[in-house]
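J.: Once you've had a glance at the structure underneath, I'll fire off some questions.
Please treat every number below as a calculation from the coordinates, not as lab data. The structure presented is a predicted model; accordingly, all values stated were derived computationally and were not measured. Quick reminder, even Gly has a Cβ in these numbers, built from the backbone with ideal geometry, and neighbours come from all protein chains shown.
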Amino acid sequence: MSKVLLGDVAVEHKETCKGSKDGYPIVGLEHLIPEEITLTAWDEGSENTFTKIFRKGNVLFGRRRAYLKKAAVAPFDGICSGDITVIEAKPDRILPELLPFIIQNDALFDFAVGKSAGSLSPRVKWEHLKNYEFELPDMDKQRELATLLWAMDETKKSYQKLIAATDELVKSQFIERFGDFKSNPKGLEITTIDQLFSVGSSKRVFQKDWKSSGVPFYRAREIVKLSEQGLVDNELFITEEMYQEYAARYGVPQPGDIMVTGVGTLGICYLVQPKDRFYYKDGNTLCFHSLGRIDSRFVVECYKMPFIREQIEANAGGSTVGTYTIETACKTRIFNPPIEEQQEFVAFVQQSDKSKFELEQTLSELNATYKRIIEENLG
């Protein structure tokens, strides 16, 4: 095993399309998925200004905002964005099947971030990237590692498919139990959020009142993390005195309330738990306070369904990067079936979530092992 530079074993593939682009799949940065080594999305026949050609087996490295960790193997010849560096292995120096794992790893991305230039949209050049240094074993060991790592990647994808299938099962179970929202074949009650909740936001907290300790102060991004993980490594706080004052004068989130993101990724819900004690940013997040006419857990699940997502997108001008306001939230239409049916569905979702959690834990452990093998053998 010896230390080598990336430029010793790979080159930047420089090839330009000077003729027709017909028949070439098109790959932009948006098609590269963070920390995914295989390319699963691209465009065909779309209008574009790209001219950079890549060949099957090349590694497509997202050189803009390298901290996003975007790098994937090309499964075909195509054309890509200028913000993608096309990297080609030197077969006499490195096994081409191993190169993607050297590029798609945390150490190289950290190196790339350190060498990136530009404040708003930092980019790294191949001239800097090629100086990344790592351990390279002999060819026999390279073959062994490539076989193992590709097998692990395939296993990871199997778990990802199972997790996705669990989500789809919940959606299909919703349709089976309650029917399509637009046609409402079961004649269920359909009402608006303002008939079920008191919808509001918070009293303004100015930036000068943000503290480094005290009572957690959440923005939309923290609500998203809470919805995904049930916890958040928070960085903003308000004083205990301010929290107590606002609790007495304006109220604070209570167990059973639903926090709903109003900016960023819209309509993400977090059900406030008995252990929770926090305040939140006005305009960023809405608070649905239950009027006791629906199971809040059921509402959280409804907000994951297409019929709610479509309403949010329509009110945000056709995208989920606008705003979700108190006014539009109040008008959001939702099923309100008999409470027993709501609770049965929630129980099914909780069981599915348990299975999904176990799959995610296994996937997390597999990812940790995968990264450790790369670090120990190609560090």
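J.: Using packing as a proxy for protection, rank 158-170, 267-279 so that the peptide with the highest average count of other Cβ atoms within 10 Å comes first. Don't jump to the answer; show the numbers that get you there.
T.: Working: 158-170: 13.7, 267-279: 17.7.
Output ranking for 158-170, 267-279: 267-279, 158-170.
J.: Could you pull out every one of the lysines with an alpha carbon less than 24 Å from that of LYS211, ignoring same-chain neighbours closer than 8 positions?
T.: Counting by Cα, and skipping residues close in sequence, LYS211 has these lysines nearby: LYS203, LYS225, LYS275, LYS281.
J.: A further question on this structure: Per-residue ellipticity at 222 nm for the chain, helices alone: DSSP H runs ≥ 4 residues times -39500 (n - 2.57), over residue total, nearest 500 deg cm²/dmol?
T.: Details: 11 runs with 146 residues, N = 379.
Taking each H run of at least 4 residues, the total per residue is -12500 deg cm²/dmol.
J.: Between the stretch 243-305 and the stretch 117-186, what is the C-alpha centre distance in whole Å?
T.: 31 Å
J.: Within the set of other residues whose C-beta is less than 12 Å from the C-beta of LYS3, count the net charge using Lys and Arg as +1 and Asp and Glu as -1.
T.: -3
J.: So what's the net charge close to SER172: Lys and Arg +1, Asp and Glu -1, counting the other residues with Cβ under 14 Å from its Cβ?
T.: Working: positive: LYS171, ARG177, LYS304; negative: ASP167, GLU168, GLU176, ASP180, GLU301.
Once all neighbours under 14 Å are counted, the net charge is -2.
J.: What number do you get for the chain when its Cα radius of gyration is normalised by 2.2 N^0.38 Å, N = residues?
T.: Working: Rg = 24.9 Å, N = 379, 2.2 N^0.38 = 21.0 Å.
The chain yields a ratio of 1.19.
J.: Assuming R0 = 51 Å, what is the FRET efficiency of SER290 and ASP138, from their Cβ-Cβ distance, to the nearest 0.05?
T.: Working: r = 65 Å, r/R0 = 1.27.
The formula returns an efficiency of 0.20 here.
J.: OK, next. Using Cα pairs under 8 angstrom and six or more residues apart, how large is the relative contact order of the chain, in percent? Walk me through the numbers on the way to the answer.
T.: Details: 631 pairs, mean separation 58.5, N = 379.
After rounding, I find 15 percent.
J.: Reported to two decimal places, what Rg/Rh ratio describes the stretch 2-136 when computed on Cα atoms with Rh from the Kirkwood expression?
T.: Radius of gyration relative to Kirkwood radius: 0.95.
J.: Could you pull out every one of the aspartates and glutamates with an alpha carbon less than 17 Å from that of LYS69, ignoring same-chain neighbours closer than 8 positions?
T.: By straight Cα distance, LYS69 reaches GLU30, GLU35, GLU36, ASP83, ASP106, ASP110, ASP153, GLU375.
J.: Of the candidates THR49, THR85, THR285, which one comes out as most mobile in a Gaussian network treatment of the chain with C-alpha springs shorter than 10 Å?
T.: THR49
J.: Classify the stretch 284-379: rounded, prolate or oblate, from the alpha-carbon gyration tensor (a ≥ b ≥ c, eigenvalue square roots; a/c under 1.5 rounded; otherwise prolate if a/b is larger than b/c)? Write down the numbers at each step before the final one.
T.: Values: a/c = 3.41, a/b = 1.68, b/c = 2.03.
Oblate, because a/c is 1.5 or more while a/b does not exceed b/c.
J.: Can you list which of the GluC sites (Glu not before Pro) found in the stretch 217-287 are DSSP loop residues with at most 14 other C-beta atoms within 10 Å? Write down the numbers at each step before the final one.
T.: Values: sites: GLU222, GLU228, GLU235, GLU240, GLU241, GLU245; in loops: GLU235.
In loop regions of the stretch 217-287 (DSSP not H, G, I, E or B), the sparsely surrounded GluC sites (Glu not before Pro) are GLU235.
J.: Quick one: Karplus J couplings for the stretch 292-304, per residue in order, coefficients 6.51, -1.76, 1.60, θ = phi - 60°, nearest Hz, x for Gly and Pro?
T.: Computed from phi, the couplings for the stretch 292-304 are x, 9, 7, 7, 4, 5, 5, 5, 4, 5, 4, 5, 8 Hz.
J.: Taking the Cβ-Cβ separation of PHE357 and LYS186 as r and a Förster radius of 30 Å, what is the calculated FRET efficiency to the nearest 0.05? It would help to have the intermediate numbers written out before the result.
T.: Details: r = 31 Å, r/R0 = 1.03.
Efficiency, from the Cβ-Cβ distance: 0.45.
J.: For the stretch 27-98, run through the chymotrypsin sites (Phe, Trp or Tyr not before Pro) and keep only the ones in DSSP coil with at most 10 other Cβ atoms within 10 Å of their Cβ.
T.: Numbers: sites: TRP42, PHE50, PHE54, PHE61, TYR67, PHE76; in loops: TRP42, PHE50, PHE76.
When the chymotrypsin sites (Phe, Trp or Tyr not before Pro) of the stretch 27-98 are filtered for loop state and at most 10 Cβ neighbours within 10 Å, nothing remains.
J.: So how strong a dipole does the stretch 189-336 carry about its Cα centre when Lys and Arg Cβ are +1 and Asp and Glu Cβ are -1, to the nearest 20 debye? Please list the in-between numbers first.
T.: Details: 17 positive and 18 negative charges, 24 e Å.
I would put it at about 120 debye.
J.: Given 0.36 nm per residue, what is the gain on full extension from LYS18 to ASN367 after removing their alpha carbon distance, in nm? Numbers along the way, then the final one.
T.: Numbers: separation 349, 0.36 × 349 = 125.64 nm, distance 4.12 nm.
Gain on stretching LYS18 to ASN367: 121.5 nm.
J.: Kindly identify the stretch 189-336 as rounded, prolate or oblate by the Cα gyration tensor criterion: order the square roots of the eigenvalues as a ≥ b ≥ c, call it rounded if a/c is under 1.5, otherwise compare a/b with b/c, prolate if a/b is larger, else oblate. Don't skip to the answer; put the middle values down first.
T.: On the way: a/c = 1.87, a/b = 1.56, b/c = 1.20.
Verdict is prolate for the stretch 189-336.
J.: Something else now. Using θ = phi - 60° and the Karplus curve 6.51 cos²θ - 1.76 cosθ + 1.60, what whole-Hz ³J(HN,Hα) does each residue of the stretch 16-24 get, with Gly and Pro shown as x?
T.: Going residue by residue, I get 10, 7, 9, x, 6, 8, 4, x, 8 Hz, with x marking Gly and Pro.
J.: Report, in debye and to the nearest 20, how large the dipole of the chain comes out about its Cα centre when Lys and Arg carry +1 and Asp and Glu carry -1 on their Cβ.
T.: Values: 48 positive and 56 negative charges, 178 e Å.
Roughly 860 debye, rounded to the nearest 20.
J.: Return CYS330, CYS17, CYS302 ranked ascending by Cβ neighbour count within 10 Å, so the fewest neighbours appear first. Before the final figure, lay out the partial values.
T.: Numbers: CYS330 16, CYS17 13, CYS302 22.
Going from sparsest to densest Cβ surroundings: CYS17, CYS330, CYS302.
J.: Which entries in LYS90/LYS161; LYS14/LYS141; LYS3/LYS156; LYS70/LYS171; LYS3/LYS90 show an alpha-carbon gap greater than 25 Å? Kindly include the intermediate steps, with their values, before the conclusion.
T.: Working: LYS90/LYS161 34 Å; LYS14/LYS141 30 Å; LYS3/LYS156 29 Å; LYS70/LYS171 30 Å; LYS3/LYS90 16 Å.
From LYS90/LYS161; LYS14/LYS141; LYS3/LYS156; LYS70/LYS171; LYS3/LYS90, over 25 Å: LYS90/LYS161; LYS14/LYS141; LYS3/LYS156; LYS70/LYS171.
J.: Work the Kirkwood hydrodynamic radius out for the stretch 137-204: mean of 1/r over every pair of different alpha-carbon atoms, inverted, in Å. Don't jump to the answer; show the numbers that get you there.
T.: Details: mean 1/r = 0.0579 Å⁻¹.
Answer for the stretch 137-204: a Kirkwood hydrodynamic radius of 17.3 Å.
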